[in-house]
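Laboratory data are not the source of any read-out in this text; all were calculated from the coordinates shown. This structure is a prediction, so every number in the text was calculated from the model and none was measured. For neighbour counting, all protein chains shown are included, and Cβ atoms are generated from backbone atoms with ideal geometry for every residue, glycine included.
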Amino acid sequence: MVNRLYVVMVMLICGMIPLVGCRQSSTPTPTSKSDKLQIMVSIPPQKYFVERIGNGYVTVNVMVPPGAEPHTFEPKPEQLKALSRAKAYMRIRIDFEEAWIDKIKAANPKMLIVDTTQGIKRLPMPSSYQEVGERLHAGEGENLDPHIWLSPQLVKAQAHTIYAGLVKLDAKHQRAYQANLERFIADINELDADIRKNLQDVKNRKFIVFHPGWGYFARDYGLEMIPIEVGGQEPSAAELATLITKAKKQNIKVVFAEPQFSKQAAQTIAKEIGGEMLLIDPLSPDWLNNLRQVSHAFARVLSQGGAFSLWAIAILKLTLQTT
Ligand SMILES: [Zn+2]
């Protein structure tokens with residue numbers, strides 16, 4: 001019930017927020033479909049980034065389709081064949097891509113490989129067990145946290161790299177790409193300010209989530225992520241029990257889970273602590289709006305006021321909009 005109410009409220013709010021983040025650019029007349037640059041990316045949020053910057057001049061295809069899990073994904077032979085039409089592959093160094101990159105390159109040796117992680121210092125993959133020394137870090141450079149698309153600050157760096165890649169392929173439209181980049185950066189800055197505002201008064205800054213994809217997000221906004229998954233696996237019964245005790249002690253009432261991953265452990269914890277489970281999507285293709293919604297979910301869950309404060313925001317927004 002609470003869950004359903006929440007979804008309705010999110011929809012209400014999102015419908016009411018003017019779509020400032022989705023302004024379409026006034027780029028010159030786009031070229032016809034056949035002239036468009038074919039760009040391949042690994043995950044859906046990257047499609048959003050490349051389309052924002054290449055608006056009108058690119059066709060973007062994604063390796064990992066919506067709903068699939070990008071850590072263990074295996075490209076189909078047709079997908080590798082389709083790479084022959086791509087002018088560039090925008091890398092993000094997520095697990096499947098690291099495993100397949102040689103085959104990806106071999107499928108089209110002429111394709112420009114753009115590493116969008118360049119200039120970004122990735123951190124070791126977070127685990128709630130590292131801090132207590134029950135499990136050791138994997139060696140440096142081995143198990144680095146790939147979820148750099150969930151930090152608006154790091155997405156700015158990725159946007160600049162994508163821009164440079166597009167200009168390299170298509171210098172003729174450099175001015176359009178630059179204008180699109182500037183608009184995108186402005187939207188990211190606005191999103192970042194919104195998230196800070198949404199989360200500034202939140203008292204309890206700890207949250208539990210199944211898959212530890214939100215480490216950079218937590219770092220940027222002063223939150224603490226407690227992941228359920230351990231080294232990519234479901235936790236053992238003992239690990240689950242430890243988490244339940246921790247959650248009770250910290251007075252955590254909501255457990256996040258992601259649609260691409262198992263919900264069983266999150267459900268178990270939620271039940272044991274007398275709380276609820278909420279889904280947050282780390283791979284939504286509607287990146288900007290999704291992160292804004294996620295920050296609303298965090299604000300609601302982490303603040304004591306709970307659902308009532310969100311209703312208050314919804315009603316306030318409705319009032320502002322209609323007056
Ligand atoms: Zn992940």
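Couple of notes before you dig in:
- Residues (of a type outside the set (S, T, N, Q), surrounded by fewer than 22 Cβ atoms within 10 Å (Cβ to Cβ) and not in a loop (DSSP other than H, G, I, E, B)) located in the range 266-277: Lys271, Glu272, Glu276, Met277
- Among helices (runs of 4 or more DSSP H) entirely within the range 170-263, having at least 3 residues that are more than 16 Å from the ligand (Cβ to nearest atom) and surrounded by fewer than 17 Cβ atoms within 10 Å (Cβ to Cβ) singles out 174-199, 237-249.
- Hits in the range 171-220 (condition: in contact with a strand residue (DSSP E or B) (Cβ under 8 Å, 6 or more places away or on another chain) and free of Cβ contacts under 8 Å to residues at least 24 places away in the same chain): Ala218
- Residue that is farthest from the ligand (Cβ to nearest atom), among those in the range 73-103 that are β-branched (Val, Ile, Thr) and in contact (Cβ under 8 Å) with a residue 40 or more places away in the chain: Ile92
- Scanning the range 270-282 for residues that are away from the ligand (no atom under 16 Å from the Cβ) and under 16 Å from Trp214 (Cβ atoms) gives Met277, Leu278.
- In the range 250-278, the residues that are closer than 15 Å to Pro235 by Cβ form Cβ pairs under 8 Å with partners that are acidic (Asp, Glu) and outside any loop (DSSP other than H, G, I, E, B), at six or more places apart or across chains, as follows: Val255/Glu276; Ala270/Glu276.
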